[in-house]
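Asks: This is the structure, below, for whatever I ask next.
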Amino acid sequence: MDSWTQAAIAFIERNQEWSFWLALVFATAETTAFLSLAVPSTAILVGVGATVATGAIAFFPIWAGAALGAMIGSTFSYWLGLRFGGRILQMWPLKDQPELVEKAGEAFRKWGAGAVFLGHFIGPLRPVIFLFAGMMRMGFPIFLAVNVLGALAWAYVIPKFGEIGGIIFGWIWNLLGF
């Protein structure tokens, strides 16, 4: 983990009353096209999940904030794809990532609405799969239904993964007598 990620996790731990809002911001960044390439939100949310295992932070605000943030970011990305269509693929940084764009297009053509759900969990697809849903003119009610389910599941799994890892680490730490 880099120092920026560690600092963000420590800040959330020290400011528990902000945990919902901070999870919302990081999850929004993680699911927003372009922004997700710059912010290490998944690492932060996993790390925050590990602090949940220590009892320092409650899980529910992290889950609720991350779920809402994931819905906001992915829906905004859908709108960008709907509004700008294929022109958005010619913008930085997507124009420099043709293999990423091709993988997202292939996933969307193969799985359709299921790609929106899976896009929450597959890091390399996350920056562009929601754009593709908009570019391909997926109906908004279908997008919204699948996106809400994907966001709720992703927001649960990512911090829970860190929490379970933290529990296992603590168990091993205690087993070894530290």
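Just so it is clear, none of the values below were taken in a lab; they were calculated from the coordinates. Since the structure is predicted, the reported quantities are computational estimates derived from the model, not experimental observations. Every residue, glycine as well, gets a Cβ built from its backbone with ideal geometry; the counts of neighbours run over all protein chains shown.
Asks: Ignoring everything except DSSP H segments at least 4 long, calculate the 222 nm mean residue ellipticity for the chain; use -39,500 (n - 2.57) per segment, divide by total residues, nearest 500. Provide the component values of the computation, followed by the final result.
Replies: Working: 8 runs with 131 residues, N = 178.
Rounded to the nearest 500, the figure is -24500 deg cm²/dmol.
Asks: For the charge dipole of the chain, defined by +1 on Lys and Arg C-beta atoms and -1 on Asp and Glu C-beta atoms about the Cα centroid, which residue among ALA23, ILE158, VAL148 has the Cα displaced farthest towards the positive pole?
Replies: So the residue furthest toward the plus end is VAL148.
Asks: So what's the net charge close to TRP154: Lys and Arg +1, Asp and Glu -1, counting the other residues with Cβ under 10 Å from its Cβ? Let's see the in-between values first.
Replies: Details: positive: ARG126; negative: GLU30.
For residues surrounding TRP154, the net value is 0.
Asks: Let me ask another. For the stretch 48-115 and the stretch 121-158, what is the separation of their C-alpha centers, rounded to whole Å?
Replies: Spelled out, the Cα-based centre of one part sits 6 Å from the other.
Asks: Could you work out how much longer the chain between TYR156 and TRP92 gets when fully extended? Use 0.36 nm per residue separation minus the Cα distance between them, nm to one decimal. The partial results should precede the final answer.
Replies: Working: separation 64, 0.36 × 64 = 23.04 nm, distance 3.12 nm.
Here the answer is 19.9 nm.
Asks: Taking the 0 to 90 degree range and rounding to the nearest ten, how far is the long axis of helix 3-14 tilted relative to the main principal axis of the chain, both from C-alpha atoms?
Replies: Once rounded, the angle reads 60 degrees.
Asks: In percent, what relative contact order does the chain have, based on Cα pairs under 8 Å that are 6 or more apart in sequence? Could you put the intermediate results ahead of the total?
Replies: Values: 275 pairs, mean separation 53.5, N = 178.
So the answer I get is 30 percent.
Asks: Continuing with the same structure: Taking the chain as a Gaussian network, Cα atoms linked when under 10 Å apart, which of ILE129, ILE88, ILE62 shows the biggest mean-square fluctuation?
Replies: Its mean-square fluctuation being the largest, the pick is ILE88.
Asks: Take the alpha carbon gyration tensor of the stretch 94-133, find the square roots of its eigenvalues, order them as a ≥ b ≥ c, and report rounded if a/c is under 1.5; if not, report prolate when a/b exceeds b/c, else oblate.
Replies: Working: a/c = 2.05, a/b = 1.50, b/c = 1.37.
Because a/c hits 1.5 or more and a/b exceeds b/c, the stretch 94-133 counts as prolate.
Asks: Excluding ALA43 itself, calculate the net charge of residues whose Cβ lies under 13 Å from the Cβ of ALA43, where each Lys or Arg counts +1 and each Asp or Glu counts -1.
Replies: Values: positive: none; negative: ASP2, GLU30.
It works out to a net charge of -2.
Asks: May I pose another question? Take every Cα-Cα pair in the chain and report what % of them are more than 25 Å apart.
Replies: 35 percent
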